[in-house]
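The values are calculated or read from the model by the stated rules, or taken from the named source; none is laboratory data. Being a predicted model, the structure only gives us computed values, none of them experimental. Every residue, glycine as well, gets a Cβ built from its backbone with ideal geometry; the counts of neighbours run over all protein chains shown. Surface areas here come from the heavy atoms of the whole protein model, side chains and all, with no ligands, DNA or RNA. Shrake-Rupley method; radii C 1.70, N 1.55, O 1.52, S 1.80 Å.
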Amino acid sequence: MPGASSWSFKEEDFRIISEHMNALLRETNVKSLLLVDRTGQVVANVGEKPTFDPQAFASLTAADFSANDQLAKMIGEHEFSSLFHQGEKESMYLADVAHRVILVALFDNRTTLGMVRLKVKTTVEELTKVFEEMFSRGETSAPKLEGFASAEVEDEIDKLFG
Amino acid sequence: MSMINYASREINCKLVYYGPGLGGKTTNLEHVFGKVNPNARGKLISLATETERTLFFDFLPVDLGTVRGFKTRFHLYTVPGQVYYNASRKLILKGVDGVVFVADSQLERMEANIESMQNLYDNMAEYGYDLTRIPFVVQYNKRDLPNASPVKDLQAQLNPGWPVTDPALQKAVPDPNFPGEFLTWQLPTGEWIQRAPAHEAVAVTGDGVFETLKTVSKLVLKSLG
């Protein structure tokens, strides 16, 4: 798509990302970790399976971060690289990774904000390296999906709409 | 920016419903939410004011079904229509795969439509997106109202078309929604013009809502090929 910043990652990238996230999970005792891209899509998820709709969560996370970015600019900051939302029992900590994705840690009283903040910082640095390496391979346009430009696709969609 | 998972054969695309305030963007999503099988859709999330005006966005994920062996899911978003909320409106366009412009057909809303369309072009341009090159559909809503402008006038004001420079696309394409009209045509001067597909709708009753979604879905999925 012209103008859109598309990126893709390979199975090996995904394995490395998951390893970093699993390590963070073990070290901090957070409930779960989500990696969400800035357009609101879930990229990865480790730990306890969320009881909520991850897609809705991702769309709100991206919006939350984008809104806060604008607020940061208004007060003369370049960005807020991390956000913390505190609840009575459940809390969440969000951190920017390479300006493209957001790492979200969901945690309760089995760990502390200090621990989460400290360990997330290291993981963000590691993930940033992984993503920057991925992006440095070049903004190759996403591979075309075979057969999607054909007339049969229209027929299939017509059938789905009934 | 669509998200394609080749391993699990899933496609996720982002569609944004844009347009002036009180034009029917949220009503489009509410109709889809009400009609789609609950197993094939998520919750409708609305970030709205107490008076049900969209403050930030509405969000509805919908499973379209399987296309060419890929499980296809569309994430439908609306933006706040009121001029005041431009900062948040622009954020929602990030990574968009297809745009539906919901115009309010009422005569007295023509100015608001034009202003919103201009705002859409401006906000897209700021992200480096070219509205003439991405899937884009116009919906003329509220066709049931007595003060609705003729479609011809709405098309002339909001969807006059853009020049086609690619010789491969310079061929007449009839408009399936408006008999006798064309989506791509040649002017007497020799210049070729293309316009976005358009639908008439009455979102409160659901007329034209799924037709619009179908048209933009086709354009988005074909753009992946």
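Number of residues in the range B:41-75 that are at the interface with chain A (Cβ under 7 Å from one of its Cβ atoms) and β-branched (Val, Ile, Thr): the value is 2. Only a single item in (1) open to solvent by less than 60 Å² (accessible area, probe 1.4 Å); (2) within 18 Å of the chain's Cα centre (by Cα) is not met by B:Glu211, and it is number (1). Cβ-Cβ contacts under 6 Å between residues 6 or more apart (or on different chains), taken from a first residue in the range B:79-97 that is at pLDDT below 90 to a second residue that is open to solvent by 60 Å² or more (accessible area, probe 1.4 Å), are listed as B:Ala87/A:Gln70.
Scanning the range B:118-130 for residues that are open to solvent by less than 10 Å² (accessible area, probe 1.4 Å) and free of Cβ contacts under 8 Å to residues at least 60 places away in the same chain turns up B:Asn123, B:Met124. On the given criteria, is B:Phe70 farther than 16 Å from A:Ala62 by Cα and over 18 Å from the mean Cα position of the chain (by Cα)? Yes, satisfied. Can you tell me which residues in the range B:177-225 are closer than 15 Å to B:Val138 by Cα and part of a helix (DSSP H, G or I)? Within the range B:177-225, B:Val209, B:Phe210, B:Glu211, B:Thr212, B:Leu213, B:Lys214, B:Thr215, B:Val216, B:Ser217, B:Lys218, B:Leu219, B:Val220 meet the criteria. Each residue in the range A:98-114 was checked for being surrounded by 15 or more Cβ atoms within 10 Å (Cβ to Cβ) and at pLDDT 95 or above, and 7 pass. Taking the criterion of being crowded, with 18+ Cβ neighbours inside 10 Å and in a helix (DSSP H, G or I), would at least one residue in the range B:131-142 satisfy it? No, there is no match, as no residue in the range B:131-142 is crowded, with 18+ Cβ neighbours inside 10 Å and in a helix (DSSP H, G or I).
Go through the residues of the range B:21-40 one by one and say whether even a single one is touching a Leu at 6+ places or on another chain (Cβ under 6 Å), away from chain A (no Cβ under 12 Å) and free of Cβ contacts under 8 Å to residues at least 40 places away in the same chain.
Yes, some residue in the range B:21-40 is touching a Leu at 6+ places or on another chain (Cβ under 6 Å), away from chain A (no Cβ under 12 Å) and free of Cβ contacts under 8 Å to residues at least 40 places away in the same chain.
Tell me whether the range A:11-25 contains one or more residues that are more than 12 Å from every other protein chain (Cβ to nearest Cβ), assigned to a strand (DSSP E or B) and at negative phi. No, that holds for no residue.
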